[in-house]
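For reference, the structure discussed in these notes is given below.
The values are calculated or read from the model by the stated rules, or taken from the named source; none is laboratory data. Because the structure is predicted, anything quoted here is derived from the model rather than measured. Counting neighbours? That spans all protein chains shown, and the Cβs are built from the backbone with ideal geometry, glycine included. Remember, those area values only see protein heavy atoms, side chains included, never the ligands or the DNA or RNA. Shrake-Rupley method; radii C 1.70, N 1.55, O 1.52, S 1.80 Å.
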Amino acid sequence: MLDYSYYPFKNNLENIGADDLLRLKSVSEGWYIDYKVQGLKIPDFAKHLSGFANQYGGWLFIGVEEGSDGTRTASRFPGIPNDQLEKVSRDIREAAAAHVNPEVLYEERIISGPIEEIGLANGYCILIVGIPMSLNTPHIHSSGRIYRRLADQSKPKEETDRFILDELWRRGTNHQEKVTHFLGTIPDLPDAQSDMAWAHIYLRPAQHQVGPERKFSFDDFSRIIKNKDVSALGVWCPMQALQTTADGYLARQIDGNDPSLATLSFRWWHDGTARLDIPLNSYDFDSFSEVRDKHKYVDDFCELARLQGYSNIKIVDYSLLAQALASLANFYLQILNFKGDKRNTYSCFTLRNVFFTSPYVDSEVFLERIRENSIPITADNVISVPSEPKEENMFIHNFSVRDVDFTSQEKYQPIPYLYSAPIFYNIFHSVGIVSSPEEFTKDTEAWGFDKINSYTQDP
């Protein structure tokens with residue numbers, strides 16, 4: 001359930017019954033409540049949704065009649081015919097998405113008859129629409145007007161007061177600045193790792209869509225990450241250290257690493273945000289030639305570097321990035337599936353400590369490109385894409401990409417790669433490994449599938 005400034009019921013929204021609705025007989029229309037006997041036109045729905053969102057939030061009841069005695073409380077509960085429910089619900093959805101900008105977040109609860117205590121007949125229902133107070137204000141109606149709720153009016157009022165309008169803009173701006181600051185924050189590193197190259201990726205669910213009700217405990221987190229029963233499919237990397245944090249959970253890969261230092265990590269926040277922390281192996285020219293047992297084209301790259309005069313370069317190896325990213329993204333997808341979270345998600349990333357380094361990926365196509373265009377050099381120490389992340393400019397991952405059978409190996413196996421491909425491509429693009437999506441899709445060797453058994457666990 002969403003967070004509300006005012007909640008008129010005794011029970012949770014999903015458990016509302018006759019007793020909860022009878023409480024409305026003492027609740028008047030105003031700041032938080034509006035009663036409608038039947039559905040409205042779509043633009044009128046949009047006025048009410050934006051008015052509540054811009055003010056303190058509130059509740060719109062469809063199928064409830066207001067009293068005629070001046071109290072403006074609920075008097076009868078006639079409901080609307082069941083065959084009208086789909087249209088009314090669709091109209092509200094269109095009003096929230098197409099007639100208000102930005103989109104209004106809301107949730108619905110349907111109360112179906114017969115319920116004798118409130119006089120709701122068989123074949124009729126009451127639609128309850130909850131709209132929380134928005135932090136993403138102002139929500140502007142398709143007419144170009146901004147509406148708010150007022151205590152003494154049953155209809156939202158067009159706002160013209162400049163001070164109030166400025167406050168609405170300020171509320172939205174302050175919230176967005178906090179989100180942008182959070183998504184732009186990268187973790188501190190121990191002194192011993194202060195010069196290491198890292199990729200930090202944030203994944204965040206859409207804030208204008210309703211999230212799931214299901215709780216997510218540490219035991220649930222541990223069960224998914226450890227995957228002892230091998231029930232979760234897809235590319236997988238083992239995590240040995242799991243713990244709670246002040247605002248979520250953390251999983252770290254410590255086998256073969258100093259556990260007191262930063263390692264490959266997956267961090268989960270209770271609001272559904274996750275951060276993937278991926279260390280990128282870095283080498284000087286001499287030490288890079290010693291990893292030829294792991295990569296096919298190290299000798300070719302080193303020879304080309306000598307011919308082009310790059311004898312003192314620092315090399316950052318991105319050859320395992322796709323597999324590490326897909327593995328950690330798979331944790332996120334499994335958690336979303338467990339929770340029943342069908343929201344679209346957004347992502348952004350930051351690369352750190354990559355100043356004047358040469359990117360390497362173990363691919364023959366990559367070698368062909370650098371023979372023609374020279375070895376690329378990363379000119380920035382920190383690369384953040386987008387530079388000021390917010391939903392409007394982050395990479396979107398539509399739910400449809402992961403809307404498959406998670407128990408089918410054939411259907412699910414490619415999903416973590418498809419989900420993480422926009423991130424992977426943009427990282428490669430930002431450091432000069434590829435220059436176009438066409439180059440990216442053709443260079444399948446750069447995805448590192450031949451290295452998967454050494455670095456990941458594939459159930």
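Things to note:
- Contact map, region 245-260: residues that are more than 19 Å from D191 (Cβ to Cβ) and touching a residue at least 24 places away in the same chain (Cβ under 8 Å) paired with residues that are open to solvent by less than 30 Å² (accessible area, probe 1.4 Å) and β-branched (V, I, T), Cβ distance under 7 Å, separation 6+ or inter-chain. Pairs shown: A251/I225.
- Each residue in region 26-61 was checked for being surrounded by fewer than 20 Cβ atoms within 10 Å (Cβ to Cβ), among the aliphatic types (A, V, I, L, M) and more than 20 Å from I16 (Cβ to Cβ), and 2 pass.
- Region 1-16, subset of a type outside the set (A, V, I, L, M), touching a residue at least 60 places away in the same chain (Cβ under 8 Å) and in a loop (DSSP other than H, G, I, E, B), residue least open to solvent (accessible area, probe 1.4 Å): Y4
- Selection status of E116, open to solvent by 20 Å² or more (accessible area, probe 1.4 Å) and at negative phi: yes
- Only one entry in F221, F216 is buried (at least 16 other Cβ atoms within 10 Å of the Cβ), more than 15 Å from the chain's Cα centre (by Cα), within 29 Å of V104 (Cβ to Cβ) and hydrophobic (A, V, I, L, M, F, W, C), namely F216.
- Restricting attention to region 266-276, the residues that are open to solvent by 10 Å² or more (accessible area, probe 1.4 Å) and outside any loop (DSSP other than H, G, I, E, B) add up to 3.
- Pairs where the first residue, in region 115-126, is within 10 Å of P78 (Cα to Cα) and the second is open to solvent by 50 Å² or more (accessible area, probe 1.4 Å) and not basic (K, R), C-beta under 7 Å, 6+ apart: I118/L22; L120/P114; A121/P114; Y124/N82; C125/N82; C125/I110; C125/S112
- For the residues I278, I254, I224, the requirement of being modelled with pLDDT of 95 or more, in contact with a His (Cβ under 8 Å, 6 or more places away or on another chain) and either of a type in the set (A, V, I, L, M) or farther than 22 Å from L183 by Cα (or both) singles out I278.
- Scanning region 430-451 for residues that are open to solvent by 40 Å² or more (accessible area, probe 1.4 Å) and under 18 Å from Q323 (Cα atoms) yields T441, K442, T444, E445, F449, D450.
- Taken together, I186, I201, I164 contain a single residue that is touching a His at 6+ places or on another chain (Cβ under 7 Å) and of a type in the set (A, V, I, L, M), which is I186.
- Helices (runs of 4 or more DSSP H) (entirely within region 370-459) containing at least 2 residues that are closer than 24 Å to V316 by Cβ and touching a helix residue (DSSP H, G or I) at 6+ places or on another chain (Cβ under 9 Å): 415-430, 437-442, 452-455
- Residue match in region 300-313 (condition: basic (K, R), at pLDDT below 95 and either over 30 Å from V210 (Cα atoms) or open to solvent by less than 30 Å² (accessible area, probe 1.4 Å) (or both)): yes
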